[in-house]
Every structure is written in C-alpha cells, then in structure tokens.
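Enquirer: Next up is a structure, given as structure tokens.
Bear in mind that the values in this text are calculations on the coordinates, not laboratory data. Keep in mind that what you see is a predicted model, and the values were worked out from it rather than measured. Neighbour counts are summed over all protein chains in view; Cβ atoms, including those assigned to glycine, are modelled from backbone coordinates with ideal geometry.
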Amino acid sequence: MNSELLFNRLFGVGNYSITIDGFFLHGIANVGDKEFKIIGTCKSVAIDSKLALRISEKILETIFEDKDKAVKRSIIFLVDTQGHKLSRLEEYIGINGYFAHMAKCIFLAGLCEHKTLSIVHGEAVSGCFLAFAMMADRVCALEDAKIYVMDLRAMSKITKIDYEKLLELSKTSPIFAPGVYNYWLMGGVHEIWFNKDNWQEKLLKAVDYVSKIDNRYELGAIRQGRIKAKEVISVIKSHCKGINV
Amino acid sequence: MKENYYELSAKERAFYLCDENNFTEICPKSFDFTSPHLRSLNLSVSENDGVLIGIGRIMGFKVMIVSQDSSFYGGSVGEIHGARIKGFLDSYVYFEPEGIIFLIDSGGVRLQEANAGLVGLSEIIKSLLNIRKKGIPVIAVIGGKCGAFGGMGILARLCSEIIITEKGRLGLSGPEVIETVKGTDEFNSHNKELILKTVGAQARKEIGEVNFVVRDSINQIKKAIVSIIIENNIKPKDFNEEVVTEHEILKKRLHIFKNEQ
C-alpha cells in the first residue's frame, strides 16, 4: 500500500502532516481530539545503524518536547522493514548496539508516560520486529503485512530439515512459519486489522488498550499458539517463591 | 578447579563462578519441560531446553544466574528456553539479588520454533529492562563457543554491562549468515582474523561496544562481576541518563565512520 493511502486510512484525509525522507517517516497526526507523534519506516527498508539512530533520535526528541506537558502524546510506530542490513561494516560499527539503543529509547518513552503502539504495515522481520515493533506496548498488524524470522527455504537450508517437511508442518503448526496470524497466535501481535475494518476507529481503540503489563504469554496460551510458555513461567515462579535464600 | 571459561559446560560455569558450594540450580528437570516442537520434528530434546537457571553467591554477593548451553542447538531461544528465563527474571522480587548474571552463549532465536522464540525473547527483554529500572545491575558475560548473536546480541547490549573474554564474539548477524546471503566478498566466514577484527572482543572494545575485556578465566570474570556490583552499590546507573549519553556516543561513532568513508 502506498504511504498516502495508508495515512488516509489510518488518520483520515488532511488529518496528518508526515514527512517521508527516503525510507524514514516522521510527523504528527490528529485523530479525534488526540495528537499522535508518528515515527516509522517504509518501502521495506533494510534498517542499518544510521536509520536505527534516526528513529532513536526522533523518540528522544518527542520525550523532550513533551517533558513539561501534563498529558504526553502517544507515539505510533509505522513499521515496514525487510530486516536489518547485512554487512560486515555494519557489524563492525556495532549494529546490535544501535538496535539495542533504539529498543531502550522506546522503553524510555514508556517510562516517560508516552503510550507506544506499533502498526506493522508492510514487513517486519526478525531483529527489527524484536527491537523496533515489539518494543512498543501494543503491536497491531495489517492483514496483508508479513512478519517472520526467516523464509522457509532459508530455514530449510540452515536447519537441514527438508523444505517439503517444513511446508507440510507449517500448515498445522504456527510455531515457525511466516505469517501475521501465526504471530497473533503467539501473542506477539495484539491485534490484526483487516482491510474491511475502519482503521481510524481501530487506532483510537488500540491506543486506549495500551498497557505496560506484558501479558503476551497469556495471550499466547489463550490463543493456543504458545502452548507451554505460560505453564513453564508459572512453575518457575512458584518454585522461586518457595526457595529460601 | 577448572579455570578456562570457554571449555566449561553451562552448569560448570555457573558453579565455578560462585563461591564454594554456593550455587543452587532451580528447576533442572522433573517437569515436562522439553520442547514439543523439537519432538514433533523428531529432533533431540533436553530437560532444561538449553538453559540453566539458579541462585548463588559470588564473593559473598547474592546473584541470580542464567547460563545458556551452546551444546544444545547453539544455545538458541525456543519457547521453553525463553519461558524459563522470563519466569526466572520475573522472580527477582523473591531473591532481592545484588546482580543478575547472564552467561550468554547463543546464536539467538531457535529456527525450529522461530515465532515462539522471537516473542519469548521480546518478553525477556522487557523483563530485563524492568529489572534494570529497579536499579539491579544485569551483567552479560560473553566468552563461549557461540558468542552472542542475533537477538541475543541485542539483548547483551541491553544489559547494564558486558564482560567479554578474549574468546568472546558479539554481533547481530554471524559471519556465516552474512556470507550465505551476501557472498564471500562481503564476509569470508573462514577468515578467522577478519572475524576477530570485526566481532572479536578487542574490536568490540576499541569501538566502545564493551567496557570489560578479560582473559578466558573464571577468576578474571569473577573479579569483573564483583567490581561492577560494588560500583553499582555505590552509584546505581541511572537508566534515563544512560540512554541520553549513549545516544551522543553512538551519534559520534557514526559520524566518524561516515566521514572516513
């Protein structure tokens, strides 16, 4: 979906002022009586250390701009990325450090009472889904978005499991195959927005639902995507509680 | 006592880092904790799903220890592996530790259960940051066979401090992955010297990604851990301040590189 169409559907025609600078986008949107800060990426960019830093910079700027306001603006992350940039130089520069920094900035925004919400509108892959989209306190994804760690052919090559076998298993198991719905089952995506939905209404509701309590393992259990995590977490916790040190 | 960290198992590392007879493992097995996903692929499973957790004392300081087992699918994070760490981290309230020690030895998410692993890793990251917010230092130790890559390379940098041994490696994509996707010209994964120069301990130190480089020695790691805990007891790291300072450092680093190119 092109950016203008996306913005129109999310915020309403004329309700936003967003600058698209290459693969980076930032600006504001007004929906209902609320002003949102918009920070994001587009055109399935591969995020490098520079882009991760630009995202971080905009978040810190927002925290600074709102520091004396009684009510902080919610920050909406529009996520579309094919993953991080694969290069030796990026590794040398410390791309993992830049990603961690971006994650810290999003966490800090939450600490400073900004609500944070991600909308995956294109792709979200592996480390970028982890350090960018999933760092927000609520994650929404459009029906047509793509979320994954690795496509099945590459996965087959690395795990040395036959591609046909992976393909067959992916029909019944949500555990490794790409897909927004699979991530919804895991609890990693809070809600999927369908094309028929009114995304403006969805957005306003989603912002209301933003919570700092991480209940994703419970969602994963309820939705039967992650069948063991909740049980394991609770057994470990009750064991720890019973230990005297 | 064994001294070389690199050669030790996940259990031995936790055990030898702690004072004598002062490490207690938590939930080593005895539950149905093996991965149903690996089982469905007819792959081998492990009772702790590749991660050991426990509490102990290092030179008298109370610590919680997470130790990844790189001999089990490269220390990778699967559903249960991740849930064990999250459940343990969230139990910090019961222990009131003076530090949490994360013995990282992992390539990141376990591909055979990639979706569950990635979401699990995200949960760990949020638990970890919530603990840091309380002023408890989370210390990453990197010096095993698998280093710290993928999501674990990101997680390492979210810790309060990183201690890396001369054998440790830290990055996002491993050399093999870059070579497979981008070709040998971009990164030759057989060139050991090039790997060291890129993601090795000294390279990480030179660029400012880590503060503590130590020898491959239990004793050295112990000393570094204790110095961090003592430092933190005197003056706890302020998270807000750290983020702002780090931002300037990372900005400067990038500026230097872009000018050199």
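Enquirer: Return the pair list, or none, for Cβ contacts closer than 9 Å from residues in segment A:87-110 that are more than 7 Å from chain B (Cβ to nearest Cβ) to residues that are among the acidic types (Asp, Glu) and part of a helix (DSSP H, G or I), at least 6 apart or on different chains.
Expert: Going by the 9 Å Cβ cut-off, there are no qualifying pairs.
Enquirer: If you don't mind, another one. Hey, could you check segment B:219-238 for residues that are surrounded by fewer than 18 Cβ atoms within 10 Å (Cβ to Cβ) and hydrophobic (A, V, I, L, M, F, W, C) and say which is farthest from B:Gly200 (Cα to Cα)?
Expert: First, pick out the residues of segment B:219-238 that are surrounded by fewer than 18 Cβ atoms within 10 Å (Cβ to Cβ): B:219, B:223, B:226-227, B:230-231, B:233-238.
Now restrict to residues that are hydrophobic (A, V, I, L, M, F, W, C): B:226, B:230, B:234.
Values: B:Val226: 24, B:Ile230: 27, B:Ile234: 31 Å.
Within segment B:219-238, the match that is farthest from B:Gly200 (Cα to Cα) is B:Ile234.
Enquirer: May I pose another question? Please note which helices (runs of 4 or more DSSP H) are completely contained in segment A:30-122 and include at least 2 residues that are of a type in the set (Val, Ile, Thr). Even if it seems obvious, please write down each step before you answer.
Expert: Numbers: elements: A:49-65, A:88-93, A:95-111.
In segment A:30-122, the matching helices (runs of 4 or more DSSP H) lie at A:49-65, A:95-111.
Enquirer: Please specify each residue of segment B:201-221 satisfying the condition of being closer than 28 Å to A:Glu91 by Cα and either acidic (Asp, Glu) or away from chain A (no Cβ under 14 Å) (or both). Before the answer, list the steps.
Expert: Let us first name the residues in segment B:201-221 that are closer than 28 Å to A:Glu91 by Cα, namely B:201-218, B:220-221.
If the condition is that a residue be closer than 28 Å to A:Glu91 by Cα and either acidic (Asp, Glu) or away from chain A (no Cβ under 14 Å) (or both), then B:Glu206, B:Glu209, B:Phe212, B:Val213, B:Val214, B:Arg215, B:Asp216, B:Ser217, B:Ile218, B:Gln220, B:Ile221 are the ones that fit.
Enquirer: Does A:Gly122 fit the bill of being buried (at least 19 other Cβ atoms within 10 Å of the Cβ), in contact (Cβ under 8 Å) with a residue 24 or more places away in the chain, away from chain B (no Cβ under 14 Å) and touching a Ser or Thr at 6+ places or on another chain (Cβ under 6 Å)?
Expert: On the way: buried (at least 19 other Cβ atoms within 10 Å of the Cβ): yes; in contact (Cβ under 8 Å) with a residue 24 or more places away in the chain: yes; away from chain B (no Cβ under 14 Å): yes; touching a Ser or Thr at 6+ places or on another chain (Cβ under 6 Å): yes.
Yes: the conditions hold for A:Gly122.
Enquirer: Residues being within 17 Å of A:His84 (Cβ to Cβ) and in contact (Cβ under 8 Å) with a residue 12 or more places away in the chain: count how many of those fall in segment B:178-211. Full working, then the answer.
Expert: Going residue by residue through segment B:178-211, those that are within 17 Å of A:His84 (Cβ to Cβ) are B:178-182, B:186-187, B:198-199, B:209.
Among the residues that remain, those that are also in contact (Cβ under 8 Å) with a residue 12 or more places away in the chain are: B:187, B:198-199, B:209.
Here the count works out to 4.
Enquirer: Hey, another quick one. Please find, among A:Leu78, A:Leu111, A:Leu89, the residue that is surrounded by fewer than 21 Cβ atoms within 10 Å (Cβ to Cβ), over 30 Å from B:His190 (Cα atoms) and of a type in the set (A, V, I, L, M, F, W, C).
Expert: None of the others qualify; the one that does is A:Leu111.
Enquirer: Another question about this same structure. Got a sec? Which of A:Lys43, A:Lys37 is crowded, with 19+ Cβ neighbours inside 10 Å and of a type in the set (D, E, K, R)? It would help to see each step written out before you state the result.
Expert: On the way: A:Lys43 fails: crowded, with 19+ Cβ neighbours inside 10 Å.
None of the other options fit; the residue is A:Lys37.
Enquirer: Return yes or no: is B:Arg57 of a type in the set (Lys, Arg), closer than 28 Å to B:Asn4 by Cα, within 11 Å of chain A (Cβ to nearest Cβ) and buried (at least 24 other Cβ atoms within 10 Å of the Cβ)?
Expert: No; evaluated as a whole, the condition is false for this residue.
Enquirer: Small (Gly, Ala, Ser) and over 30 Å from B:Asn4 (Cβ atoms): which single residue out of B:Gly168, B:Gly183 fits that description?
Expert: Among B:Gly168, B:Gly183, only B:Gly183 is small (Gly, Ala, Ser) and over 30 Å from B:Asn4 (Cβ atoms).
Enquirer: Okay, moving on. Taking the stated definitions as given, is A:Ile147 of a type outside the set (Ser, Thr, Tyr), surrounded by 16 or more Cβ atoms within 10 Å (Cβ to Cβ), within 20 Å of B:Glu79 (Cα to Cα) and more than 8 Å from chain B (Cβ to nearest Cβ)?
Expert: Yes, satisfied.
Enquirer: Scanning segment B:151-190 for residues that are in a loop (DSSP other than H, G, I, E, B) and of a type in the set (Asp, Glu), which turns out surrounded by the most Cβ atoms within 10 Å (Cβ to Cβ)? Reasoning before the result, please.
Expert: Taking segment B:151-190 first, the residues in a loop (DSSP other than H, G, I, E, B) are B:159-160, B:166-168, B:171-174, B:183-190.
Remaining after also requiring of a type in the set (Asp, Glu): B:166, B:185-186.
Working: B:Glu166: 16, B:Asp185: 8, B:Glu186: 14.
This residue is B:Glu166.
Enquirer: Then there is this: Out of all the residues in segment B:120-150, which are more than 9 Å from chain A (Cβ to nearest Cβ) and either part of a strand (DSSP E or B) or in contact with a His (Cβ under 8 Å, 6 or more places away or on another chain) (or both)?
Expert: If the condition is that a residue be more than 9 Å from chain A (Cβ to nearest Cβ) and either part of a strand (DSSP E or B) or in contact with a His (Cβ under 8 Å, 6 or more places away or on another chain) (or both), then B:Val138, B:Ile139, B:Ala140, B:Val141, B:Ile142 are the ones that fit.
Enquirer: Within segment A:186-199, does at least one residue satisfy the condition of being over 22 Å from B:Val109 (Cα atoms), in contact with a Gly (Cβ under 6 Å, 6 or more places away or on another chain) and away from every other protein chain (no Cβ under 13 Å)?
Expert: Pass one, segment A:186-199, residues over 22 Å from B:Val109 (Cα atoms): A:191-199.
In the following step, the residues that additionally are in contact with a Gly (Cβ under 6 Å, 6 or more places away or on another chain) were identified as none.
Within segment A:186-199 (the criterion being over 22 Å from B:Val109 (Cα atoms), in contact with a Gly (Cβ under 6 Å, 6 or more places away or on another chain) and away from every other protein chain (no Cβ under 13 Å)), the answer is no, since none of the residues qualifies.
Enquirer: When segment A:197-245 is examined, which residues are found to be farther than 25 Å from B:Glu79 by Cα, in a loop (DSSP other than H, G, I, E, B) and charged (D, E, K, R)? If you could, list the steps in order and put the result at the bottom.
Expert: Just the residues of segment A:197-245 that are farther than 25 Å from B:Glu79 by Cα, to begin with: A:197-209, A:244-245.
From what's left, in a loop (DSSP other than H, G, I, E, B): A:197-198, A:244-245.
Listed by number, the list holds a single entry, A:Asp197.
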